[in-house]
Amino acid sequence: MVFFDKPFILDKEMEYIVDAVDRKAICGDVDYTQKCHKWLDDNIGCKKTLLTHSCTGSLEMCALLLGLQPGDEVVMSSYTFVSTANAFVLIFHVPLIISSSLF
């Protein structure tokens, strides 16, 4: 049986977690986040990466960066988390829910 909620630990993850907690550097733009940004920049060929705390945070950022205006419709699947719609409703966009039965 496969457990999808079991953490996948390969090598030094626990050492890194303990290090981050000991240095009180478990959030924000700190050492491990900066290392990850650099690795992504170097290995996927993008100009700049930005990690967020969640997909919801990323969607909220997208809603702001897309330049949508209040009242614009944003198409999304009906089979999603409510936070998907909330990210756009937060800045007065209208979620246009498409029934997943159409796909």
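The values are calculated or read from the model by the stated rules, or taken from the named source; none is laboratory data. All values derive from a computational prediction rather than experimental measurement. Using ideal geometry, Cβ is built from the backbone for each residue, glycine included, and neighbour counts are taken over all protein chains shown. Each accessible area value is taken on the protein alone, full model and side chains, heavy atoms only, with ligands, DNA and RNA left out. Shrake-Rupley method; radii C 1.70, N 1.55, O 1.52, S 1.80 Å.
Points worth noting:
- Boolean, Leu68 is open to solvent by 100 Å² or more (accessible area, probe 1.4 Å) and in contact (Cβ under 8 Å) with a residue 12 or more places away in the chain: no
- Any hit, the range 39-49, residues being at positive phi and at pLDDT 80 or above: yes
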